[in-house]
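Data first, discussion second: the structure below is written as C-alpha cells.
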2 protein chains.
Amino acid sequence: MFRLPEGVTYLDGNSLGPLPVAAIEAVNRTMCEEWGTELIRAWNTRGWIGKPRGLGDRIGRLIGAPAGSVVVGDTLSIKVFQALAAAIRLRPGRRVILSDNGNFPTDLYMAQGLIDLVDGGHELRTPAPEDVAAAISEDVAVVMLTEVDYRTGRLHDMPGIIRTAHAAGALVIWDLAHSAGALPVDVHGAGADFAVGCTYKYLNGGPGAPAFIYVEPGIVGSVQPALSGWLGHDAPFAFDLDYRPAAGIERMRVGTPPLLAYAALEAALMVWEDVSMADVRARSIQLSELFIAEVEARCPELELASPRDPLARGSQVSFRFPEGYAVMQALIARGVIGDFRAPDILRFGFTPLYLDEADILRAAETIGSTMQHRLWDDDAYRRKGAVT
Amino acid sequence: MFRLPEGVTYLDGNSLGPLPVAAIEAVNRTMCEEWGTELIRAWNTRGWIGKPRGLGDRIGRLIGAPAGSVVVGDTLSIKVFQALAAAIRLRPGRRVILSDNGNFPTDLYMAQGLIDLVDGGHELRTPAPEDVAAAISEDVAVVMLTEVDYRTGRLHDMPGIIRTAHAAGALVIWDLAHSAGALPVDVHGAGADFAVGCTYKYLNGGPGAPAFIYVEPGIVGSVQPALSGWLGHDAPFAFDLDYRPAAGIERMRVGTPPLLAYAALEAALMVWEDVSMADVRARSIQLSELFIAEVEARCPELELASPRDPLARGSQVSFRFPEGYAVMQALIARGVIGDFRAPDILRFGFTPLYLDEADILRAAETIGSTMQHRLWDDDAYRRKGAVT
C-alpha cells in the first residue's frame, strides 16, 4: 500500500508520511489525463472545483466532523490564522488568546502576527500545558491548543478543556496535526468550535500536502472570513466587486488550490476507507508499548519524555538525551528514521498502516547498539542540516 | 515542449497554461525518488527547504527582480494579503487603499477582509482604471493594481503610476497575474515596492501552482509579516516560542510548501531559460494583431473590448457579445478554447511558446463560422457550469 525503501525502518510518519503507491498513478493521471488533456475544462469536467470540499468530507469522517463541515486548502499556518481571526471576532469583548508553551511554534507565531496586525490590545498567554485548564478565565476569547504535543506526545483532554472553556464563554480551536489519522477524534461530539490540521503526517498526503479546517456547523454562518479570497465567495464566478461569504464551510476557502497536491492527498485518503480508527489506535498502543519496553531495557541513559500511560499520549514516543541530535543522525545512517526536536528530543512515530512488531524490534536493536557502543559519538553526526 | 490535445486550439493559457512535458517526469521523480525514497530526509538531501527561494529567483529573472527578492508560496490571494498588510503598516498615518474597479475580484476581496480585520478606519477606493493616477492623493497608503486587466487586457502604465504614487508618499503593489511570462516586466527598474503573481497562467506551472511575492530589497527589512508562519522565521528549526522574521524575502514564507506542485513549477520554469521576454512580446503582438484582423473581418457583431493599440494591452484579446457565454461554449465544443468573463467578455490569450499563425487562423475560422451560422444559439450552450 505504501512505498518504503529497502533497509529503512520508518518511525517518522508523524513528520512526513510515506508515499502511497496509489498516489503515483493518481498524480500522473491528474497531470496527463486531466491537466494535459482537459486543460482549463477540467475545473468542471473533472470536478477540480469541488475537491476542497470532497477531500474535506473524507477527512471529516476521520475526525468526527459531519459532511460539509471541513474544507481542505492552504497550509496549517494559514488555517490557524483563519480560525483565530474568526474566533477573536466572535468574542469581541475579550482580549486573551490562550495556548500553551508546548504548542507547535507556528501556531503561536500566527497568533502573534494576528495580534500585532489587529492591534486591539489582545494578548497571547502560554502557560505550561498542564496549567491550561486553570488559566481559562472570563477574559479568554479563545483557547488554541494542539491536542498531541509535537515533542512529548502528551495528549490534552479535549472534551474536558472544551467544557471548561465553554463554561467560561470562550471558544476552542484544536490543532489536530498529530491527531488526524493517529487516534480517534470526535470534534463534533466533543463540541470543538474550530479544528485545523495538516495532511502530510499520519494522513500520508505528501510533502506540504494541503491543510484542513473544520468549523462547527452552528457557528460557521457567523464567521467573518479574514482571508476573504475569491473561492470563499458565495458566487466566485460572478466576479462581483464586493466580497460576500459562501453559505457554509466553503467561506474558509481562499485561493486557487494546488490540484496536483490534491490528487496525491485524495489517493492517500482512499487508504482510510476501510480502516477503523479504533483499530489503528489499539495497534499503535501495542507498538509503542513494545518500543518503550525494548528501548528502556537496552538504553538506561535515554529518559522517556512521553507519558508512560499510553492513553495519555498520541501515537509517538519521545526520549530525551543531551546529544539527541547526534544520536538521531547516527540512527538515520543505520536505517532507523525518527526525528530530533530541539533541544534534546528523540521522536519516534507509530503508524500501524505500515509498521509491525518486527519493525519495532529492529529499531530497538539499532537504538540499543547505537547507544551501547556510542556510535553517535562522531563529529559527522553533530553537523546540523536545515531540517533535523 | 508542451502536451496539447489533438484537435484543440488553446487560447486559454492566460487562465491555465498547458502541461509541460518535462513536468510529468519531474513530478514523478519527486514522488518516487524523493518522497518515496528519501522520505523526510529529502527536505535536506533534495533541497526541498530551499525551493521557495530557488523558484523565486527563476521567476525573478522574468520580472526584473534581483536574486533573493522573490519567494514562491501559497496562493495569489494570500500573497496579496501579505503585501497589503505590510504596506498599510509601512504607512501608518494613511487610511486609503487605492485600486481600480477592473481589478481581479480576489485582490479587492482580500483588501476588504484586511480592512475589516484591522478595523482601523481604512478605506478601499476603486475608481475606473483610467482614473487611478488622478486619484493618488496624500491619504493613500498603497496603490494596488493588476498590471493587465483580466477582462480587457488593458495595460496600466507601471512606471508612470509608481512615480505618481511615490511622489505622493504612497507605496505600490503590482499584481502580475497576467504579466509574468506574458510581457517584459521590470519591477526593480520601475521601482515597485511589492509585486505578486501566480504561476499557473503564462508560466504553465499547473492548476493551482504556487504564487510568488517580490518585495523591494530596500524595504523588505522593514516589513512586519502579518502571516508570520514558522518557515518565515529567522530560525524555523530552533522552535523558539517567539516569532522573529527571517532577514530578507524569506520572511514572506508562511507554512510547509506543497512540493509536488513545486516540482511541476520547476519543470515549467526551466522552459524559460533560453527564452527572451522581448521575443515573446513581439510574437504575442504579431499573433494578437493577426487574430483581431481575422476575427473582425469575419464577425462584425463582435465588439473589440481590448485596446486596439497592441502596446496598450497585455497578451490577450477580448471581444464583447451579449451571448458571450453561449458563444464560448460553442467554440469549446469545436476545439477552440478561450474563456468567458461575466458579463459579456470572450477572452483569448496568446502564448507564443506553443501557438503560431496557423493556430490563429484556425481559431478565427471557427469563430467566424460559429458567429455566421449562429452555431452558439443552442440551449445546451447556455447552461452554466461552475467555471466558465
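Can you name every residue in the stretch A:222-245 that is of a type outside the set (F, W, Y) and either under 26 Å from the mean Cα position of the chain (by Cα) or crowded, with 24+ Cβ neighbours inside 10 Å (or both)? Spell out the reasoning first.
Residues of the stretch A:222-245 that are of a type outside the set (F, W, Y), as a first pass: A:222-229, A:231-236, A:238, A:240-242, A:244-245.
Those that are of a type outside the set (F, W, Y) and either under 26 Å from the mean Cα position of the chain (by Cα) or crowded, with 24+ Cβ neighbours inside 10 Å (or both): A:S222, A:V223, A:Q224, A:P225, A:A226, A:L227, A:S228, A:G229, A:L231, A:G232, A:H233.
Does the stretch B:211-232 contain any residue that is within 19 Å of B:W272 (Cβ to Cβ) and of a type in the set (F, W, Y)?
Taking every residue of the stretch B:211-232 in turn, at least one turns out to be within 19 Å of B:W272 (Cβ to Cβ) and of a type in the set (F, W, Y).
For the stretch A:144-229, list the strands (runs of 3 or more DSSP E) that sit wholly inside it and hold at least 1 residues that are within 14 Å of chain B (Cβ to nearest Cβ) and small (G, A, S); which are they?
A:194-197
Can you name every one of the helices (runs of 4 or more DSSP H) wholly within the stretch B:23-115 that holds 1 or more residues which are at pLDDT 95 or above, more than 10 Å from chain A (Cβ to nearest Cβ) and in contact with a strand residue (DSSP E or B) (Cβ under 7 Å, 6 or more places away or on another chain)?
Counting at least 1 such residues, we get B:51-63, B:76-90.
Which one of these is within 12 Å of chain B (Cβ to nearest Cβ), farther than 18 Å from A:T366 by Cβ and either in contact with a Phe, Trp or Tyr (Cβ under 8 Å, 6 or more places away or on another chain) or part of a loop (DSSP other than H, G, I, E, B) (or both): A:P343, A:P352, A:P307? Reasoning before the result, please.
On the way: A:P352 fails: within 12 Å of chain B (Cβ to nearest Cβ); A:P307 fails: within 12 Å of chain B (Cβ to nearest Cβ).
Result of the check over A:P343, A:P352, A:P307: A:P343.
Are any residues in the stretch B:343-388 of a type in the set (D, E, K, R), over 21 Å from A:N44 (Cβ atoms) and touching a Lys or Arg at 6+ places or on another chain (Cβ under 9 Å), and if so, which ones? Outline the logic, then answer.
Applying the first criterion (of a type in the set (D, E, K, R)) to the stretch B:343-388 yields B:344, B:347, B:356-357, B:359, B:362, B:365, B:374, B:377-379, B:382-384.
Then keep just the ones that are over 21 Å from A:N44 (Cβ atoms); that gives B:356-357, B:359, B:362, B:365, B:374, B:377.
Selection gives B:D356, B:E365.
Here are some conditions: (1) surrounded by fewer than 22 Cβ atoms within 10 Å (Cβ to Cβ); (2) in a loop (DSSP other than H, G, I, E, B); (3) among the β-branched types (V, I, T). B:V271 meets all but one. Which one does it not meet?
(2)
Could you say which residue among B:T45, B:T30, B:T9 is touching a residue at least 60 places away in the same chain (Cβ under 8 Å) and assigned by TED's automatic domain parsing to the domain that holds B:F212?
B:T30 is the lone residue from the list that is touching a residue at least 60 places away in the same chain (Cβ under 8 Å) and assigned by TED's automatic domain parsing to the domain that holds B:F212.
Find the residue count for the stretch A:234-282, including only residues that are closer than 23 Å to B:L259 by Cα and in contact with a Ser or Thr (Cβ under 7 Å, 6 or more places away or on another chain).
Here the count works out to 7.
Mind listing whichever residues of the stretch B:26-57 are of a type in the set (G, A, S) and buried (at least 24 other Cβ atoms within 10 Å of the Cβ)?
Residue satisfying the conditions is B:G56 alone.
For the stretch B:142-173, how many residues are closer than 23 Å to B:V317 by Cα and more than 20 Å from the chain's Cα centre (by Cα)?
Total meeting the criteria: 0.
Quick one: A:A83 ticks every box in (1) closer than 30 Å to B:L259 by Cβ; (2) in contact with a helix residue (DSSP H, G or I) (Cβ under 7 Å, 6 or more places away or on another chain) bar one, so which box is it?
(2)
Return yes or no: is B:R58 touching an Asp or Glu at 6+ places or on another chain (Cβ under 7 Å), more than 16 Å from B:M144 (Cβ to Cβ) and touching a residue at least 60 places away in the same chain (Cβ under 8 Å)?
Working: touching an Asp or Glu at 6+ places or on another chain (Cβ under 7 Å): no; more than 16 Å from B:M144 (Cβ to Cβ): yes; touching a residue at least 60 places away in the same chain (Cβ under 8 Å): yes.
Considered against the rule, which asks whether it is touching an Asp or Glu at 6+ places or on another chain (Cβ under 7 Å), more than 16 Å from B:M144 (Cβ to Cβ) and touching a residue at least 60 places away in the same chain (Cβ under 8 Å), B:R58 comes out as no.
How many residues does the stretch B:133-189 contain that are hydrophobic (A, V, I, L, M, F, W, C), buried (at least 16 other Cβ atoms within 10 Å of the Cβ) and without any contact (Cβ under 8 Å) to a residue 60 or more places away in the chain?
14
Name every residue in the stretch B:235-268 that is more than 7 Å from chain A (Cβ to nearest Cβ), out of contact with any helix residue (DSSP H, G or I) (no Cβ under 8 Å at 6 or more places or on another chain) and without any contact (Cβ under 8 Å) to a residue 24 or more places away in the chain, in order of residue number.
Selection gives B:A235, B:R244.
Give me the residue from the stretch A:361-373 that is of a type outside the set (S, T, Y) and within 17 Å of A:E303 (Cβ to Cβ) and, out of that set, farthest from the chain's Cα centre (by Cα). Steps first, please.
Taking the stretch A:361-373 and keeping what is of a type outside the set (S, T, Y), we get A:361-365, A:367-368, A:371-373.
Those still in the list that are within 17 Å of A:E303 (Cβ to Cβ) too: A:364, A:367-368, A:371-372.
Working: A:A364: 26, A:I367: 27, A:G368: 30, A:M371: 31, A:Q372: 34 Å.
Restricting to residues being of a type outside the set (S, T, Y) and within 17 Å of A:E303 (Cβ to Cβ), the top hit is A:Q372.
Looking at the stretch B:78-106, I want the residues that are without any contact (Cβ under 8 Å) to a residue 24 or more places away in the chain and have a partner that is charged (D, E, K, R) and not in a helix (DSSP H, G or I) with Cβ atoms under 8 Å, at least 6 apart or on another chain. Which pairs are those?
Pairs found: B:P105/A:D240.
Taking A:M328 as the residue in question, decide whether it is assigned to a helix (DSSP H, G or I), surrounded by fewer than 17 Cβ atoms within 10 Å (Cβ to Cβ) and of a type outside the set (D, E, K, R).
No, not satisfied.
The values are calculated or read from the model by the stated rules, or taken from the named source; none is laboratory data. No experiment lies behind these values; they were computed from the predicted model shown. Neighbour counts are summed over all protein chains in view; Cβ atoms, including those assigned to glycine, are modelled from backbone coordinates with ideal geometry.
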